[in-house]
Amino acid sequence: MSCTDPPRDLASIAAKDNELVFPSFTADTAWELGNALRSRLLEFPTPAVVNISLANSGQLLFHTATRSGTQPDNDLWVARKRSTVLRWGNSTWYMHNKYAGNEGAFAAKFMLGDTAGQYAIHGGGMPIRVKGVEGIVGVIVVSGLKQEWDHQVIVETVEKYLKGQ
């Protein structure tokens, strides 16, 4: 199984990311969305992790491995992607393409120094936006597939979820 590759130009990425706005977002939403992501990811032979948390408190609303074979490293990637979304308010796929995947240039631009390892500009981290709310309310992270598919699985699943609302 695979995904269509997401766009690489910033305008298209931003437009798609900004379309994905929820009418509301609760623990029930996270549960439904998390299970939808897990079901979609089960179509892939590679194990992955799904993580959904709130932005303001960091409260974990959903976390699962899709199958045996994930590693503690997946959770480190989740934390790094989440930190990037929280700090810059964009998807990690957007940030990846903005800096052409160059972690060194990204770290230098923001003078991250010793904290650079806390952030990742690899696809798979997506902000949760709610209509009428300033800023992001949470973060969705997928880790385990190729980074462009980590991102695209989120996009496709959120689109499908929102169409059903």
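Only the coordinates and a few stated rules stand behind these numbers; no lab work does. Small disclaimer: the values here were computed from a predicted structure and weren't measured. Glycine gets a Cβ as well: all are built from the backbone with ideal geometry, and neighbour counts include every protein chain shown.
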For the stretch 86-103, in residue order, the Karplus 3J(HN,Hα) values (coefficients 6.51, -1.76, 1.60; θ = phi - 60°; whole Hz; Gly and Pro = x) are 5, 6, 10, x, 10, 5, 5, 5, 4, 5, 4, 6, 4, 10, 6, x, 8, 4
Report the residue, chosen from Ile154, Ile128, Ile136, that carries the largest GNM mean-square fluctuation when the chain is represented by alpha-carbon nodes joined by springs under 10 Å.
Ile136
Taking the simple approach of a point 7 Å from Cα along Cα-to-Cβ for both Ser57 and Asp28, what is their distance in nm?
1.8
Could you tell me what % of all Cα pairs in the chain have separations over 27 Å?
17
Along principal axes, Cα extents of the stretch 64-141, largest first, whole Å:
37, 37, 20
Length gained if Leu10 through Asp114 is fully extended, taking 0.36 nm per residue and subtracting the Cα-Cα distance, is 34.7 nm
Pairs of Lys in the chain closer than 28 Å at Cα, counting only those 8 or more apart or on different chains
22
Starting with the fewest neighbours, write out Val85, Val133, Val78 ranked by other beta-carbon atoms found within 10 Å of each beta-carbon.
Val133, Val78, Val85
Of the GluC sites (Glu not before Pro) in the stretch 41-149, those whose Cβ has at most 12 other Cβ within 10 Å and which sit in DSSP loop
Glu43, Glu134
For the stretch 29-41, in residue order, the Karplus 3J(HN,Hα) values (coefficients 6.51, -1.76, 1.60; θ = phi - 60°; whole Hz; Gly and Pro = x) are 4, 4, 4, 5, 5, x, 5, 5, 5, 4, 4, 5, 5
Which residues make up the longest stretch of the chain clear of trypsin sites (Lys or Arg not before Pro) that lie in a DSSP loop with no more than 15 other Cβ atoms within 10 Å, not counting the sites?
68-130
In range of the label at Thr46: residues from the stretch 125-165 whose backbone nitrogen is under 15 Å from the point 7 Å along Cα→Cβ
125, 142-154
With 10 Å bins from zero, work out the P(r) of the stretch 1-86 over every alpha carbon pair and list the percent per bin.
14, 39, 41, 5
